[in-house]
Structure formats: structure tokens, C-alpha cells
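The values are calculated or read from the model by the stated rules, or taken from the named source; none is laboratory data. Since the model is a prediction, treat every value here as computed from it, not as a measurement. No Cβ is skipped: glycine too gets one built from the backbone with ideal geometry, and neighbour counts run over all protein chains shown. Keep in mind that these areas ignore ligands, DNA and RNA; they rest on the heavy atoms of the full protein, side chains included. Shrake-Rupley method; radii C 1.70, N 1.55, O 1.52, S 1.80 Å.
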Amino acid sequence: MKATAIAQPNIALIKYWGKRDIERNLPAVGSISITLSDLFTQVSVELDENLRADSLTINGAIDAGRLPRLQRCLDHVIGEQRMRARIISQSNFPIAAGLASSASAFAAATVAAAGAAGLSLTVDDLARMAGRASGSAARSLFGGFTELSNSGDTINLKPLRDQYSWPLKVVVAITETGPKHTGSTEAMEISRTTSPFYGSWLEQQDGDLQVARVAVEKQDFAALAAIAEHNCLKMHSVMWASRPAIVFWNAATMRCMQTVRRLQDAGHNVFFTIDAGPQVKAVCMPEDFDAVREALAATEGVVEIMSSGLGSAARLVANS
Ligand code: PMV
């Protein structure tokens, strides 16, 4: 009873920030994301009746700290009376550093857990289960451009466009490889309870989603760039105005944004987005990729560059 799944992280262009239900991990707002192709997490789940306890290995090292969250994910997918599990996770990029590793990890873990238990669930069921573990993970059950919306007491996922019909590129400028100082759940709650801008953030999100949806539909890069940067900066403004202030950026984060501005001024089709960490993701058209990669690699404070195209949905790769 073993299954292995692969999932890629996704990057939100219109961000999820804030929860409307902590218990069920339901987001306060909808979001639109792109799933990446070149970064991935592979998770295998082996259910074994001879095991006395669950175990988790991440990138070759036992990780007791992250085990409880994975256990809750498996309990939710398979049921609390399940056999104990050996969980092995491998990522080809830094984890817990604002690179959406929890999205790919929980999407892969959900698919692997369902596979190991022999459950045949719909992709929507899997997405809702993954979303319970990590809000953004629900979107990695889909490839290309995906919209997550709230509906009643659950979430709905809708593919907006596949990864082939608008093959944008993403350059990730890593400015710090250590783990982030505040987890996203805690940071979202601080924002919700203390930021004077949180109410406007909620109010404006449907309008931003609508603009981005139309831009994706029409492949209007300039319109998508403008709304994605605005939405990202608005999310960070909500955090900066919180008490205590939540600032995920460092000096190199700012320098990367300036690099992107310079590229835009030179006529390149590129925009930035930043999540709950100091890394800058630059989204560009394929013909601008080399210039964007080169300019970000040469930006002071960038310690590593990763690049990616748009990729496919989480999937089972082995089941026995
Ligand atoms: O899914 P979480 O709890 O890791 O939260 C993700 C939050 C952001 O990455 C900042 C935005 C998003 O929509 O992915």
C-alpha cells in the first residue's frame, strides 16, 4: 500500500491572504495562480500495519517538526483510523522560504495518500483536501492558470487556461535560503486582526480577480502585469500595516523589483510577484526570458536563480 505523487508549486498572481475559517482552512478571498513546471516535490506514502508510528523524511532527514501537519493531512484524506505511514518527501528547491513548497508538498501528499489507500477521488475532492492542509495547495491539483473561488462553505477550482496555450516563463530570484520568520497562517491572522487595510483588501479582491481573469483569457500581458503587481503590493501593504508589522522583504527583494522596473522601461514584457518570503518571482514572455534571467542573476544580493515554465497538475507516478 504505497503510492508516490509529484506536484509542482504554484505562484499566485492574484493572492490568497486571510482566512474566513481557520478550523477548515477556508480562504477569505479567491485567487488566480500559475502552476510551475521545473520545481517539484515528490512525496511517497507507505501505509504499513506493522508500523507503530508515522514517520516523515524531508530531503533525506527525519523531520519530526513538520510531521503533525502531514499526519493531519493523511487523517483527513484516509480517515483517522488509518494504518501508520512512512512519508518521504523530496523537493528540488528550498522549502519554507516563500517558494510555495507547502503547495507542492501538500498537493503531492494528498494525491499519494489517496493512492496508497486505494481511494478514487475526483480532482475537486483532492483539491479541497489539499486546500485544508495548505490553502494554496488546492491550486497545484491543476496545471496552467487556475482560479480558486469561494462557494458556500467550500472552495471551487477552475482551470482558466492550460500551460501550452500561453507558455509564460518564471524566473525566481532567491535572496535568502533560510526558513521564513513567520508562517503564513500566523501572518494572515495578524493581518486579519490588526491591519487597518484588511477590509479594503477583501472588498477589492473580486475586482482584481475579474481584471486578471479577462487578461488571462485575452492573453493580455500588460493588463495581467499591472493587476498582478498591484495585487501583490496591496497584499504586502496589508502586512506592513499590521501590528506587529510583517515584512518579508530584504534589501535584495527591493533591488530585484528595481531590476524588473528597469527591464520594463527597456520594453521587456515582465512583472514581479512576491509571496510570504523575500524571493522575487518574475513572470515574463518566452522571448524576454534570457534578458530577465541575466538581469536578475546580476542583481546584488541574489544568491540563486531558478527558472521554470508553466506545468501540469499533481499526479500519481507510482502505486503498488
Ligand atoms: O497556502 P499558504 O498557507 O502557504 O498561503 C499562501 C499565501 C501566499 O503564498 C502569500 C499567497 C498565495 O495565494 O499563494
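Let me confirm something: among Ala103, Ala112, Ala138, which residue is within 15 Å of the ligand (Cβ to nearest atom), assigned to a helix (DSSP H, G or I) and in contact (Cβ under 8 Å) with a residue 60 or more places away in the chain?
Ala103
Taking segment 293-311 only, how many residues are buried (at least 24 other Cβ atoms within 10 Å of the Cβ) and touching a Gly at 6+ places or on another chain (Cβ under 9 Å)?
Number satisfying all stated conditions: 1.
Considering only residues of segment 170-217 that are assigned to a helix (DSSP H, G or I), away from the ligand (no atom under 13 Å from the Cβ) and touching an Asp or Glu at 6+ places or on another chain (Cβ under 8 Å), which is most open to solvent (accessible area, probe 1.4 Å)?
Checking each candidate, the answer is Arg213.
So which of Ala266, Ala226, Ala282, Ala222 is touching a helix residue (DSSP H, G or I) at 6+ places or on another chain (Cβ under 6 Å) and within 28 Å of Thr299 (Cβ to Cβ)?
Matching residue, one of Ala266, Ala226, Ala282, Ala222: Ala282.
For residues that are over 23 Å from Asp208 (Cα atoms) and open to solvent by 30 Å² or more (accessible area, probe 1.4 Å), tally how many sit in segment 269-292.
Number of matching residues: 5.
Could you tell me how many of the residues in segment 78-100 are within 16 Å of the chain's Cα centre (by Cα) and within 16 Å of the ligand (Cβ to nearest atom)?
Final tally of qualifying residues: 9.
Can you list the strands (runs of 3 or more DSSP E) lying wholly within segment 218-317 that have 2 or more residues being touching a residue at least 60 places away in the same chain (Cβ under 8 Å)? So that I can check it myself, show each step before the final result.
Numbers: elements: 270-273, 280-284, 304-308.
In segment 218-317, the matching strands (runs of 3 or more DSSP E) lie at 280-284, 304-308.
So which residues in segment 115-128 are buried (at least 24 other Cβ atoms within 10 Å of the Cβ) and either more than 16 Å from the ligand (Cβ to nearest atom) or farther than 17 Å from Thr41 by Cα (or both)?
Gly115, Ala116
Looking for something under 28 Å from Met306 (Cα atoms) and of a type in the set (D, E, K, R) - is there at least one such residue anywhere in segment 126-144?
Yes, segment 126-144 contains at least one residue that is under 28 Å from Met306 (Cα atoms) and of a type in the set (D, E, K, R).
Does Gly144 satisfy the criteria of being at positive phi, open to solvent by less than 10 Å² (accessible area, probe 1.4 Å), touching a residue at least 60 places away in the same chain (Cβ under 8 Å) and not hydrophobic (A, V, I, L, M, F, W, C)? Before the answer, list the steps.
Numbers: at positive phi: yes; open to solvent by less than 10 Å² (accessible area, probe 1.4 Å): yes; touching a residue at least 60 places away in the same chain (Cβ under 8 Å): yes; not hydrophobic (A, V, I, L, M, F, W, C): yes.
Yes: the conditions hold for Gly144.
Could you run through segment 8-41 and say how many residues are under 16 Å from Arg128 (Cα atoms), assigned to a strand (DSSP E or B) and away from the ligand (no atom under 11 Å from the Cβ)?
3
Identify the residue in segment 83-102 that is open to solvent by less than 20 Å² (accessible area, probe 1.4 Å) and modelled with pLDDT of 95 or more and, among all such residues, is farthest from Lys180 (Cα to Cα).
Step one: filter segment 83-102 for residues open to solvent by less than 20 Å² (accessible area, probe 1.4 Å), giving 85, 87, 89, 93, 97-99, 101.
With modelled with pLDDT of 95 or more added as a condition, the list becomes 85, 87, 89.
Working: Ala85: 28, Ile87: 23, Ser89: 20 Å.
Across segment 83-102, the extreme among qualifying residues is Ala85.
Only one of these conditions is not met by Asn10: (1) open to solvent by 10 Å² or more (accessible area, probe 1.4 Å); (2) in contact with a Lys or Arg (Cβ under 7 Å, 6 or more places away or on another chain). Which number is it?
Status for Asn10: all satisfied but (1).
Could you go through segment 49-56 and let me know if any residue there is buried (at least 22 other Cβ atoms within 10 Å of the Cβ) and either in contact (Cβ under 8 Å) with a residue 40 or more places away in the chain or within 14 Å of the ligand (Cβ to nearest atom) (or both).
The answer is no; no qualifying residue exists.
If I ask for residues that are of a type outside the set (Gly, Ala, Ser) and more than 12 Å from the chain's Cα centre (by Cα), which ones from segment 122-141 would you list?
Result: Thr122, Val123, Asp124, Asp125, Leu126, Arg128, Met129, Arg132.
If you take the residues of segment 147-167 that are part of a loop (DSSP other than H, G, I, E, B) and over 17 Å from the mean Cα position of the chain (by Cα), which of them is surrounded by the fewest Cβ atoms within 10 Å (Cβ to Cβ)?
Ranking the qualifying residues of segment 147-167, first place goes to Gly152.
Would you mind finding the one in Leu39, Leu26, Leu13, Leu51 that is in contact with a Phe, Trp or Tyr (Cβ under 7 Å, 6 or more places away or on another chain) and not charged (D, E, K, R)?
Leu39
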